[in-house]
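The values are calculated or read from the model by the stated rules, or taken from the named source; none is laboratory data. Source: prediction; values computed, not measured. All Cβ positions, even for glycine, are placed from backbone atoms using ideal geometry, and neighbour counts span all protein chains on display.
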Amino acid sequence: MKIAIIDTVEKAEARKLFCAIIADDYSKVQMAVLEDKALALYATTYKAQTINFKVDEATSAIVECCGVFDRLQSKNGIVPCVILSEMRSSIRLLGYIVLSKNGSISRVRRDDVYSQCETARVRGVSFIQNGIYRDADGVKSISCYPYRPFDVHMVDSTRKEVVRQPADDKRVAKPKTEPVYTKAQLLELKSAKEKGVDTRCIENPKLSPEQMHILWIAKRNGRAVELFTSPKYAPDTMRFFAKTVLSKSMYKTYYDMFNADYDAEQVEQLYYGISEGLDYSQYANPSISAKRMSEKRSELSNDLYRVLVERHDKSVKREDNDGLYAFYASRAAVV
């Protein structure tokens, strides 16, 4: 069982804490309004995992150890939320499982959370109460508070068999005989040399002048062109690779999209499916159109990034519009 505080109200007699009591598998949520000592008793009695606070067992005080509770207040059009867990595949961070102020639990893509954090930062508030958003020269991240690491929910992205051809050699070996180039190809080789580009990536006479141009420009821009020098790749596919293939290490993760049987639009759908941690093997087939791939990717994405528990209970009422919910959670632990 997990407990998170999603709002607070200071009253003359005692502080009121709005709490979400959550099953370990996120399948159930109960809401409660408790005072500090009552919450401390509940958490210690049921040995609950406290998400964004801790209990001082000596004093039964609720300690704000993951950002002050004031960060939970809705301000400047921003409604904060609490991170319950990171969502990770075996290779990367995919997103977060978050708890909203109305008790809903959702899976949210990493970049969508970053976008909300950036909007909140511009407005001078925080979107995540129990995390620290950073943007260091375009590298965005959300850090936990010291000694309060986020839980990690692993997403099974184990690859199944997909339709693909053997990978092409990453570097074209120099032929033993002198290659024969057209005038247009020689112009591309000359232009690349004049710009200081290593021309080995385009010294294949089977490459068209257009392909050569795409490759040496990408090479000059620091792209890992060694992964897509095969003449079998259409120019549009090469252009997509030139935008997205930033390093050779990407091959380990994205190798299934390096298949010349796919056109550029199909490769794009594979790229986004892999990036989102989806089971892209369900549509990784050159015979499936890019449109159908897109539809299937949307279905898989909607299934993964969705509301796990949605709460719009009519039993949640306001008490004289003072901002307090009526207590309606049972004292039994969520299981």
- Which of the residues that make up segment 41-78 are surrounded by 13 or more Cβ atoms within 10 Å (Cβ to Cβ), hydrophobic (A, V, I, L, M, F, W, C) and part of a loop (DSSP other than H, G, I, E, B)? Ala48, Ile51, Phe53, Cys65, Cys66
- Query: Would a scan of segment 158-170 turn up a residue that is within 27 Å of Lys252 (Cα to Cα), modelled with pLDDT of 90 or more and surrounded by 15 or more Cβ atoms within 10 Å (Cβ to Cβ)?
  - Reply: no
- Restricting segment 115-149 to residues that are among the small types (Gly, Ala, Ser) and in a loop (DSSP other than H, G, I, E, B), which is surrounded by the fewest Cβ atoms within 10 Å (Cβ to Cβ)? Gly138
- Message: Suppose we keep only residues that are of a type in the set (Phe, Trp, Tyr) and part of a loop (DSSP other than H, G, I, E, B) within segment 193-234. Which one would you say is surrounded by the most Cβ atoms within 10 Å (Cβ to Cβ)?
- Response: Phe228
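Is it true that Asp112 is of a type in the set (Asp, Glu), under 13 Å from the mean Cα position of the chain (by Cα) and not in a loop (DSSP other than H, G, I, E, B)? Show your work before the answer.
Working: of a type in the set (Asp, Glu): yes; under 13 Å from the mean Cα position of the chain (by Cα): yes; not in a loop (DSSP other than H, G, I, E, B): yes.
Yes; evaluated as a whole, the condition is true for this residue.
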- Query: When segment 50-81 is examined, which residues are found to be out of contact with any Ser or Thr (no Cβ under 8 Å at 6 or more places or on another chain), closer than 16 Å to Ile22 by Cβ and of a type in the set (A, V, I, L, M, F, W, C)?
  - Reply: Ile51, Phe53, Cys66
- By residue number, the members of segment 286-335 that are surrounded by 15 or more Cβ atoms within 10 Å (Cβ to Cβ), of a type in the set (Val, Ile, Thr) and modelled with pLDDT of 50 or more are Ile288, Val309
- Assuming Lys37 fulfils every condition listed in (1) of a type outside the set (A, V, I, L, M, F, W, C); (2) part of a strand (DSSP E or B); (3) surrounded by fewer than 18 Cβ atoms within 10 Å (Cβ to Cβ) apart from one, which condition is it? (2)
- Query: Give me the pairs: first residue in segment 235-248 and in the same structural domain as Gln211 (by TED's automatic domain parsing), second residue of a type in the set (Phe, Trp, Tyr) and crowded, with 18+ Cβ neighbours inside 10 Å, beta-carbon distance under 7 Å, and six or more apart or on different chains, which are they?
  - Reply: Met238/Phe228; Phe241/Phe228; Thr244/Tyr271; Val245/Phe228
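Test Glu210 against the stated conditions and say whether it is without any contact (Cβ under 8 Å) to a residue 40 or more places away in the chain and more than 23 Å from Glu265 (Cα to Cα).
No, not satisfied.
Please specify each residue of segment 242-290 satisfying the condition of being of a type in the set (Gly, Ala, Ser) and part of a helix (DSSP H, G or I). Please lay out each step first, then the result.
Applying the first criterion (of a type in the set (Gly, Ala, Ser)) to segment 242-290 yields 242, 247, 249, 260, 264, 273, 275, 277, 281, 284, 287, 289-290.
Residues satisfying the conditions are Ala242, Ala264, Gly273, Ser275, Ser281, Ala290.
Between Leu94, Leu99, which is closer than 21 Å to Val155 by Cβ and in contact with a Cys (Cβ under 7 Å, 6 or more places away or on another chain)?
Selected residue: Leu99, the only one of Leu94, Leu99 that is closer than 21 Å to Val155 by Cβ and in contact with a Cys (Cβ under 7 Å, 6 or more places away or on another chain).
Out of the residues in segment 87-96 that are surrounded by fewer than 20 Cβ atoms within 10 Å (Cβ to Cβ) and either part of a strand (DSSP E or B) or not assigned by TED's automatic domain parsing to the domain that holds Gln129 (or both), which is nearest to the chain's Cα centre (by Cα)? Don't jump to the end; show me each part of the working.
The initial filter retains those residues of segment 87-96 that are surrounded by fewer than 20 Cβ atoms within 10 Å (Cβ to Cβ), namely 88-93.
With the extra rule that they be either part of a strand (DSSP E or B) or not assigned by TED's automatic domain parsing to the domain that holds Gln129 (or both), the set shrinks to 88, 93.
Numbers: Arg88: 8, Leu93: 6 Å.
Result: Leu93.
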- Residue that is nearest to Ser104 (Cα to Cα), among those in segment 1-53 that are free of Cβ contacts under 8 Å to residues at least 40 places away in the same chain and aliphatic (A, V, I, L, M): Leu39
- Query: Among (1) part of a helix (DSSP H, G or I); (2) crowded, with 17+ Cβ neighbours inside 10 Å, which single condition is Val82 missing?
  - Reply: (1)
- Only one of (1) farther than 26 Å from Arg121 by Cβ; (2) within 25 Å of the chain's Cα centre (by Cα) does not apply to Ser60, and that is (2)
